[in-house]
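The values are calculated or read from the model by the stated rules, or taken from the named source; none is laboratory data. Since this is a predicted model, take the numbers as computed values, not measurements. Here Cβ is always computed from backbone atoms with ideal geometry, including for glycine, and neighbour counts include all displayed protein chains.
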Amino acid sequence: MSVRPLSEMSIPEAGQFFMLQTGKTYDPLLKRPFSLFRYQNGILQFLYRIRGKGTVCMAEIQAGDVMQIIGPLGNVYPSPAGDFIAVSGGIGIASLFSLLKKYPNKAYLFYGARNCNELLMLDEAKELAKEVCITTDDGTVCRKGLITGPLKEHIESAVFTKKPLPIYTCGPTPMLKEIARILNGSGLNCFASLEEVMACGVGACLGCVVKTTSGYKRVCKEGPVFNIKDIIWE
């Protein structure tokens with residue numbers, strides 16, 4: 001989805017998100033959070049999968065319709081000093097794509113999805129990344145299995161241990177938990193964009209809190225990007 005803002009806004013950065021009105025009416029009443037996918041020539045772009053009432057309504061929005069949006073919101077991915085690893089699970093590529101675009105030919109991209117149909121923007125990502133590793137749960141494309149498998153192998157390889165790189169990731173919670181387990185005690189920096197249900201997007205409702213080593217934090221305000229070692233996974 002492409003949106004042209006009708007009023008002035010600050011330029012969004014990789015890792016931030018927006019709260020979008022998903023329908024032409026107030027049903028659904030609450031806006032939904034969507035990661036910034038791409039911003040160019042004054043146009044905001046969002047990538048989404050149709051899977052609930054909100055996204056069904058979004059798919060019915062047509063060119064010329066006016067919708068309410070709030071943003072950019074949240075913090076950003078810390079800037080890598082050089083090469084880095086990006087780990088995407090399914091629609092998580094939406095959050096990481098702006099990072100790949102900002103730092104072309106710097107990312108070793110590990111991209112996993114349930115099947116070939118859920119590998120979104122794959123050709124574009126390949127053009128931006130330095131190297132790409134792909135897995136699908138059902139084996140329809142490339143290696144069969146979870147993306148955390150080859151990620152673990154890469155981290156344990158001699159090449160990586162000689163030159164450890166920062167890791168950036170976005171995807172389903174089970175994937176993030178497994179990455180946290182793999183990295184436990186390694187000392188590696190990994191920045192994860194968390195996906196949580198949000199009602200307001202500005203920190204007022206406390207509906208998106210997560211438990212961290214320094215207490216509960218709001219994903220919409222203190223996040224959505226956290227150092228993965230700071231999250232207490234339950």
(message) Being in contact (Cβ under 8 Å) with a residue 12 or more places away in the chain, outside the structural domain of Ile69 (by TED's automatic domain parsing) and in contact with a Leu (Cβ under 7 Å, 6 or more places away or on another chain): is that true of Ala180 here?
(response) no
(request) Please find, among Thr169, Thr140, the residue that is surrounded by 13 or more Cβ atoms within 10 Å (Cβ to Cβ) and either modelled with pLDDT of 95 or more or among the small types (Gly, Ala, Ser) (or both). (result) Thr169
(request) State which residue is farthest from Leu109 (Cα to Cα) when the search covers only region 60-85 and only residues that are charged (D, E, K, R) and surrounded by fewer than 12 Cβ atoms within 10 Å (Cβ to Cβ). (result) Asp65
(message) So the check is Cβ under 9 Å with 6+ separation or different chains; which pairs have a first residue in region 212-234 that's touching a residue at least 40 places away in the same chain (Cβ under 8 Å) and a second one that's part of a helix (DSSP H, G or I) and hydroxyl-bearing (Ser, Thr, Tyr)?
(response) Pro224/Ser95; Val225/Ser95; Trp233/Thr173
(request) Quickly run through region 195-209 and pick out the residues that are of a type outside the set (Asp, Glu) and surrounded by 20 or more Cβ atoms within 10 Å (Cβ to Cβ). (result) Met198, Gly201, Cys208
(request) Kindly indicate which of Thr148, Thr169, Thr161 is more than 18 Å from the chain's Cα centre (by Cα) and not assigned by TED's automatic domain parsing to the domain that holds Pro12. (result) Thr161
(request) Out of Glu13, Glu8, report the one residue that is under 20 Å from Ala129 (Cα atoms) and either modelled with pLDDT of 85 or more or not basic (Lys, Arg) (or both). (result) Glu13
